[in-house]
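Colleague: The structure follows.
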Amino acid sequence: MTYLKQFPESSWITKALLPALAVEIGCYLASVFIQTRNWFALFRPVRAQGIILWFSALIPYLIFSLGAGTFRSNAFYLLVGLTGIFSLWHVILPRRPAYDLGFFIIAAAPVVARVFGRIYLAPDKHLRPDILGSLMWIRVGIIALLVLREWDPGPFGLWPTLREWRTGALYYCAAIVPLALLALSLHDARWAPITGDWWRVAGIAIGTFFGFLWVTALSEELFFRGVVARTLLDHLPSRLLAIVVSALVFGAAHLWFHSFPDWRQASVAAMLGLFCAHAYASTGSVRVPMVSHALIITTWRLFFKS
C-alpha cells in the first residue's frame, strides 16, 4: 500500500502482477513438492503431461500482460516457442545423454540471454516483473526433468533434514573464508557490511537466506549438482575429476554474470562449485549444497558488494 501511495500510477501491480504471481507461486510450489509431482505423473499419456505443463507456463504471463496492458504478440510467440520446446523435449525425444545435454543448454540459454526481461514488460520502471519468467522457467524445468525425464538427483525439496542442515552449514564454514579471500584478491567484491537496526538486518538476513534457498540455490543445485555433477560422477572414472569438471561448468555459466567474459565472477563461482559439488558427492542430497549455497549468498549480501 505504501508503494502504491508513492507511485499511484503503478496500480498494475495489484491488478495484474500480484494475481499472476499468486498463480505462478502456486505452480512453483507444486513442482517442488514430491506429492504433487507424483500426482501429476499419473496423467496419461505422457504427451498430456507435456501439454499441460506447456499451457501452465503461459497462463501467468497472460494474466499479467493482459491485466497490465503490456501484452505483445511477438513476446507471446517467443514465450510459446521457448516453453513448448522446454516442456515437450523429453516427451518427443529419447532418453539419451546427447538429448539431456541439449535440454541443459535450453534450460540455461534464456537465463544467460536475459530473455524474460524482454517478454514480461512493466508499464513503468518502478518494478521488474520478469521474476514471473524466472519462477516459471525453474518449475517447468523441475517437472520436465523429474517427472517427464524421470531423473533421480537424490533427495530434493524445500526443507532439508536436520542432518542436511548441519552438513550444509559445515560446508559453508569450510568455504566462506577461501571464497572471500579469492573474491577480494580478484577485486570481484569489497568489504561493505550493511548497517542499521539489528532487527532490520536480521530481517534482511532471514528473507535473503530463504529467498535464495528456495529459488536460486534450489534451481542451481538441482541442475548443476543433481544433473551435471550426477552425470559426471556416474560416468567419469575419478570422483575428484567429476567434482572439478562440474565446478568448471558452474563457473563457466557465470561468465555472463555482468559483462561477458566475467572471469572474476566465474572464478569465484567455480570455487563455490567445488565445495557444493563435494557436498553433493559426499551426501547424494541436493539439499545439502542448497544450504551451503544459500548461506554463502546471504553472507555476500550482508557483508560484501560486487
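Colleague: Of GLY154, GLY141, which residue is assigned by TED's automatic domain parsing to the domain that holds LEU78 and either modelled with pLDDT of 95 or more or farther than 30 Å from SER87 by Cβ (or both)?
Modeller: It is GLY141.
For (1) surrounded by 15 or more Cβ atoms within 10 Å (Cβ to Cβ); (2) out of contact with any Ser or Thr (no Cβ under 8 Å at 6 or more places or on another chain); (3) among the aliphatic types (A, V, I, L, M), each residue gets a yes or a no:
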position	(1), (2), (3)
GLU150	no, yes, no
GLY154	yes, no, no
ARG163	no, yes, no
ARG166	no, yes, no
ILE176	yes, no, yes
ALA183	yes, yes, yes
ALA189	yes, no, yes
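Colleague: Against the condition out of contact with any Pro (no Cβ under 9 Å at 6 or more places or on another chain), small (Gly, Ala, Ser) and at pLDDT 95 or above, how does ALA242 come out, does it pass?
Modeller: Criteria met by ALA242.
Colleague: Considering only segment 50-75, state which residues are over 22 Å from the mean Cα position of the chain (by Cα) and in contact (Cβ under 8 Å) with a residue 60 or more places away in the chain.
Modeller: Across segment 50-75, the qualifying residue is only ALA68.
Colleague: Here's another thing I want to ask about it. Name every residue in segment 191-223 that is of a type in the set (S, T, N, Q) and either under 15 Å from VAL286 (Cβ atoms) or loosely packed, with under 11 Cβ neighbours inside 10 Å (or both), in order of residue number.
Modeller: Residues satisfying the conditions are THR195, THR216, SER219.
Colleague: Now a separate question. Pairs under 7 Å by beta carbon, first residue within 20 Å of ALA269 (Cα to Cα) and without any contact (Cβ under 8 Å) to a residue 24 or more places away in the chain in segment 222-241, partner hydroxyl-bearing (Ser, Thr, Tyr) and in a helix (DSSP H, G or I), six or more apart or different chains?
Modeller: LEU232/SER246
Colleague: Being of a type in the set (Lys, Arg) and part of a loop (DSSP other than H, G, I, E, B), is that true of even one residue in segment 151-172?
Modeller: Start the filter on segment 151-172 by keeping residues that are of a type in the set (Lys, Arg), which leaves 163, 166.
Add one more test, that the residue is part of a loop (DSSP other than H, G, I, E, B), and what stays is none.
The answer is no; no qualifying residue exists.
The values are calculated or read from the model by the stated rules, or taken from the named source; none is laboratory data. Values in this document were obtained by computation on a predicted structure and should not be read as measured data. So basically every Cβ, Gly included, is an ideal-geometry build from the backbone, and we count neighbours across all protein chains shown.
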